[in-house]
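Read the figures in this text as sums done on the coordinates, not as results from a lab. Just so it is clear, the model here is predicted, and its values are computed rather than measured. Note that we place each Cβ from the backbone using ideal geometry, even for glycine, and neighbour counts take in every protein chain shown.
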Amino acid sequence: METRKALFVYITIFEKNNMIKSISILPCFMITIFLSCDKKNVNQKNKTVNSLSLVHTEEIKSSRPETNINIKKIDAKKEIRNDGSFNQMTLFEVNNDVSISEIKDYCSTTKSDYHDGYFQILVFFKKTGVAKFPDNPVTGMFMEEEDLKNIKAVYTINNTNGYSKLDYYKDNNLESLPQTINIE
């Protein structure tokens with residue numbers, strides 16, 4: 001805006017001194033076009049990984065208060081897809097004595113909070129301070145042994161086709177087979 005004012009003042013001064021004739025119309029037009037271009041998006045960068053754009057971490061706000069003291073929401077990460085939708089992973093921390101029915105009930109009552117996007121993946125870690133996002137895209141899940149040893153349950157929602165299943169592990173994701181439960 002300041003540059004446009006300066007250009008206007010510059011041209012006005014030339015007009016008052018009858019020097020406008022020496023300024024070609026084409027350069028003035030080009031300068032005006034150049035100054036009016038939107039430069040907001042010039043420095044905007046997206047890091048693309050396997051056809052996904054990584055977006056900042058954001059907190060998901062639930063419409064209902066947290067009532068389960070054995071399950072604590074830690075963080076969420078959203079990845080924008082090429083089709084305009086997104087995949088999101090939300091990390092939780094659970095007490096060691098949390099039961100399968102507690103996690104199932106929690107998933108059933110909070111499912112409506114995760115209706116946006118393509119995939120919603122809720123990962124329940126069993127130790128304090130070990131919850132972290134995978135290094136690969138969120139739909140690739142976790143592959144490191146140390147991560148798998150700390151995962152108690154994974155709830156996956158596909159909002160496009162209605163898939164909604166909880167995989168609960170008696171010990172952990174590495175050493176136990178999942179008990180899969182449909183969440184309605």
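Assorted remarks:
- Extension reserve of the Asp116-Asn82 stretch, reckoned as 0.36 nm per residue once the Cα distance is removed: 10.7 nm
- For the peptides 147-155, 91-99, the ranking by packing is 147-155, 91-99, with the highest mean count of neighbouring Cβ atoms within 10 Å listed first.
- Cα gyration tensor, region 76-146 - rounded (a/c under 1.5), prolate or oblate: oblate
- Column: log10 I(q)/I(0), Debye, Cα scatterers of region 111-160, q = 0.19, 0.30 Å⁻¹: -0.66, -1.20
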